[in-house]
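Engineer: This is the structure, below, for whatever I ask next.
The values are calculated or read from the model by the stated rules, or taken from the named source; none is laboratory data. As the structure is a prediction and not an experimental result, all values here were calculated from the model. So basically every Cβ, Gly included, is an ideal-geometry build from the backbone, and we count neighbours across all protein chains shown.
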Amino acid sequence: KVTLTIDNIEVQVPKNSTILEAAKAVGVNIPTLCFLKDVNEIGACRVCLVEIEGARGLQASCVHPVAEGMVVKTNTKKIREARKSTVELILSNHNRECLTCSRNRNCELQSLAEELNISEIPFEGEKIETTVDAKSDSIVRDASKCILCGRCVNVCKNVQKISILDFTNRGYHTEVSPAFGKSMADSPCIYCGQCIVSCPVAALREKEDIERVWDAIEDPEVHVVVQTAPAVRAALGEEFGLPIGTRVTGKMVAALKRLGFDRVFDTNFAADLTIMEEGHELLHRIKEGGTLPMITSCSPGWVRFCEFYYPEFIPNLSSCKSPHQMLGAIVKSYYAEKQNIDPKKIFVVSIMPCTSKKSEATRPELQVEGLRDVDAVLTTRELGKMIKQARIEFMKLEDAEFDPALGEYTGAAAIFGATGGVMEAALRTVADVLEGEDLQNIEYTNVRGVEGIKEAEVTLGGNTIKIAVVHGTAMAAQVLDMIKVGEKEYHFIEIMGCSGGCVTGGGQPHVSARVKMDCDIRVERAKALYEEDTVREYRKSHQNPMIKKLYDEYLEKPNSHKAHKLLHTHYRA
Ligand code: HC0
Ligand code: SF4
């Protein structure tokens, strides 16, 4: 421990703390801009300056380590002026169309300008020409909003280990973009959107699709079905000021009904369906000597990563479509037949915590008889915007239930949105099938939590199955490399493209760097899902009565010919 003084308050902190952290411990929030815990700790923007007695000049507190007896001041005239002129300089060449900006009132630069009491910008700097790259289906990059903080560059480079974005050009013309100024769409970007949720401003954002959804809702000829991913309910409340980790399932459903969707179904139903298909695929591969390890294929960011960077593992990917695509396919076949609706008149909207799902939904491989499974994908943030546009008072909504049939789900499906959830759900079903009984011990806690790589051995039906759970593409690369050289061997691996799984997907509500300093949002949001698991009547996918009915009435059995046609896919080498 080290003792130092911050603004005349004595504080003891661990030896390797920074001044920024020590200040937090005494309740002083030093302003920051480029700083993002564990992602970007480079002291570049010089907003977090402090004075250290005996040191020359002001120091960047986010990188400066504490020392015994140090005397620090965080709020002097000199500091206030330095911070102010730094931010004024950034603002002078920033595109300041705040009122019409997608991050209005949710922008870290805007908050900082307010906190530093900046009331005018004394000079106009040279502005980067507005170059908007909106070519991809998932992500929009707008250089005129970029403040060159480097947060996106480093999340892509160090957390995802992909390195799509970097500083290009020099001086005034410095820009953050893919190499050679290419479009994101023409680079091997996996659309995970981790750069978006790291961006303090609106330089990176999702490709919005809200208007197309409103048009479908308003068209009396179109039957609009909406579905919600497991992780959305764990975070949507944040858009309305609720604490991180508040489960808002009932209010979310009520809001969707108010927005005018004809049916509100749940991706969770299809998560149960995925377990049936994927679980049986695994059993088949193990019995018949198919390609192992089998790797989950529900995270489209991970699937793109595999296709671009590890194509030799394509045969390992489960042939199952991701749950929301499965649900779309079932809506446009089974449900359409039952309701006697022309599938061409059905418009399926998926609300997802993910930006990569937007591009996934356009993949031609996923079409069935020329029809897309899913017609539009909106992020959790976009759903928040629609609810606000419709002037619905979210907090006053009474909880509502999903529509019957394709809205029914088990606790196994609920946990899909957290890393380890798909694995745990699969084990609950596979174990019952192999043991031939309704096992009571169903909480596989060793696959839960935020450790980068989780491994376990489970004995099922007398055989030992080796499994791994991996999240974030950097970790995925590490595991795949070990498998390649024969250092590791598994039967089944769950891989999610984002660290933490879907709960921290690129489409989830923005959380400021300041809040991320204090709490691990992966853990908080996951808690909401594990809570949902425990309150469900059924907690194993194969016990979902509606899943049983779907197989009895329509699909026959898992991996049947019909199931293959609707629910399985292939990948691009
Ligand atoms: Fe996920 Fe999914 S769990 S990928 O993380 O498998 O996005 O939440 O919707 O489709 O169900 C995301 C979350 C989903 C799908 C499901 C899977
Ligand atoms: Fe990198 Fe993911 Fe952003 Fe693409 S979407 S630039 S892969 S962080």
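Engineer: Search region 214-238 for residues that are more than 28 Å from Ala413 (Cα to Cα) and pair each with any residue that is assigned to a helix (DSSP H, G or I) and modelled with pLDDT of 95 or more when their beta-carbon atoms are under 7 Å apart and the residues are at least 6 apart or on different chains.
Structural biologist: Close Cβ pairs (under 7 Å, with a partner that is assigned to a helix (DSSP H, G or I) and modelled with pLDDT of 95 or more) amount to Glu221/Lys345; Val222/Ala216; Val222/Lys345.
Engineer: Among Ser111, Ser163, Ser138, which is the only one that is among the polar types (S, T, N, Q), assigned by TED's automatic domain parsing to the domain that holds Lys182 and touching a residue at least 40 places away in the same chain (Cβ under 8 Å)?
Structural biologist: From the options Ser111, Ser163, Ser138, the qualifying one is Ser138.
Engineer: Also, quick follow-up: When region 166-179 is examined, which residues are found to be exposed (fewer than 12 other Cβ atoms within 10 Å of the Cβ) and in contact (Cβ under 8 Å) with a residue 12 or more places away in the chain?
Structural biologist: Passing the criteria: Tyr172, His173, Ala179.
Engineer: Sticking with this structure for a sec: Any residue at all in region 483-494 that's in contact with a Gly (Cβ under 9 Å, 6 or more places away or on another chain), in contact (Cβ under 8 Å) with a residue 60 or more places away in the chain, crowded, with 18+ Cβ neighbours inside 10 Å and in a strand (DSSP E or B)?
Structural biologist: Checked region 483-494: at least one residue is in contact with a Gly (Cβ under 9 Å, 6 or more places away or on another chain), in contact (Cβ under 8 Å) with a residue 60 or more places away in the chain, crowded, with 18+ Cβ neighbours inside 10 Å and in a strand (DSSP E or B).
Engineer: Looking only at region 305-324, count how many residues are outside any loop (DSSP other than H, G, I, E, B) and surrounded by fewer than 24 Cβ atoms within 10 Å (Cβ to Cβ).
Structural biologist: Total meeting the criteria: 10.
Engineer: Cβ-Cβ under 6 Å, sequence separation 6+ or interchain: first residue in region 288-306 and within 16 Å of ligand 2 (Cβ to nearest atom), partner in a helix (DSSP H, G or I). Which pairs?
Structural biologist: Going by the 6 Å Cβ cut-off, the qualifying pairs are Pro300/Ser356; Pro300/Lys357; Pro300/Glu360; Gly301/Ser356; Phe305/Thr473; Cys306/Phe313.
Engineer: Does any residue of region 431-441 turn out to be out of contact with any Gly (no Cβ under 7 Å at 6 or more places or on another chain) and under 21 Å from Met252 (Cα atoms)?
Structural biologist: No, region 431-441 has no match at all.
Engineer: Further question on the same structure: Just name the residue that is nearest to ligand 1 (Cβ to nearest atom) out of those in region 413-454 that are acidic (Asp, Glu) and in contact with an Asp or Glu (Cβ under 8 Å, 6 or more places away or on another chain).
Structural biologist: Glu424
Engineer: Every residue in region 44-70 that is touching a Ser or Thr at 6+ places or on another chain (Cβ under 8 Å) and in a loop (DSSP other than H, G, I, E, B), please.
Structural biologist: Within region 44-70, Cys45, Arg46, Val47, Cys48, Ser61, Cys62, Val63, His64, Val66, Glu68, Gly69, Met70 meet the criteria.
Engineer: Take the conditions surrounded by fewer than 16 Cβ atoms within 10 Å (Cβ to Cβ) and not in a helix (DSSP H, G or I) and apply them to Lys549. Does it pass?
Structural biologist: Criteria not met by Lys549.
Engineer: Same structure again: If you check Arg285 against the conditions, is it buried (at least 19 other Cβ atoms within 10 Å of the Cβ) and part of a helix (DSSP H, G or I)?
Structural biologist: It is false that Arg285 is buried (at least 19 other Cβ atoms within 10 Å of the Cβ) and part of a helix (DSSP H, G or I).
Engineer: May I pose another question? One residue is enough: does region 507-523 have a residue meeting the conditions at pLDDT 95 or above, in a helix (DSSP H, G or I), β-branched (Val, Ile, Thr) and closer than 24 Å to Ser319 by Cβ?
Structural biologist: No - not one qualifying residue is present in region 507-523.
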